[in-house]
1. Evaluate E = 1/(1 + (r/R0)^6) for K86 and V31, where r is the Cβ-Cβ distance and R0 equals 25 Å; express this FRET efficiency to the nearest 0.05.
2. Name the GluC sites (Glu not before Pro) in the range 22-62 that are in a loop by DSSP and that have at most 13 other C-beta atoms within 10 Å, would you?
3. Before anything else, pin down the relative contact order of the range 2-100: Cα pairs under 8 Å, at least 6 apart, normalised by residue count, whole percent.
4. Write down the Å³ per residue value for the convex hull defined by the alpha carbon atoms of the range 1-114.
Amino acid sequence: MILPIKTRMEQYLNLKQLLNYASEKFDCYQVEIPDNAEKYSHLTPEDQSNILEKVQTGRDVFGNAQQKLQSTQLNQTPPVNFNELKVVLNDIEKACDEILKRPKPTPPKEEKVEEKKMDEEMKNGQNDANKMQEENVNEKGDVKADEAKMDVEEGTN
């Protein structure tokens, strides 16, 4: 006679613990992204709303279970099944954790981009230096050609 009473009491206690755990978990999921905005900045608004929808669904299911449990006397069998609620909670946890544990995409390698820019600048700098040298040579060559013309002109006088 005592065994059914003891079993029923354990069911109620287990359900109460599960409801409390679920409530804490839902609170945690609800504030996780806003409290750690930088950590989860890579998540899309769709991901964030998906988490909030899952949490709200869980709150509804567990809220209904809690109301049923509170309206039932302890000498009656619990109106909700512990295992069913546990499955619902596990599904919500799995879906939310899957989203929250997505790694941030790796940022593009800035070093390589900077190195490419530096290489291009170096090439451009060398090209500019080569052009300047060529211009100097051309100017010197033009000056010598002008001097040669002057010499010729002086000789003709």
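Please treat every number below as a calculation from the coordinates, not as lab data. Bear in mind the structure is a predicted one, so any value in this text is a computation, not a measurement. Note that each Cβ is placed from the backbone with ideal geometry, even for glycine, and that neighbours are counted across all protein chains shown.
1. Between K86 and V31 the formula returns 0.60.
2. Counting only loop positions with at most 13 other Cβ atoms within 10 Å, the GluC sites (Glu not before Pro) in the range 22-62 are E38.
3. Once normalised by length, the contact order is 40 percent.
4. Cα convex hull per residue, to the nearest whole number: 103 Å³.
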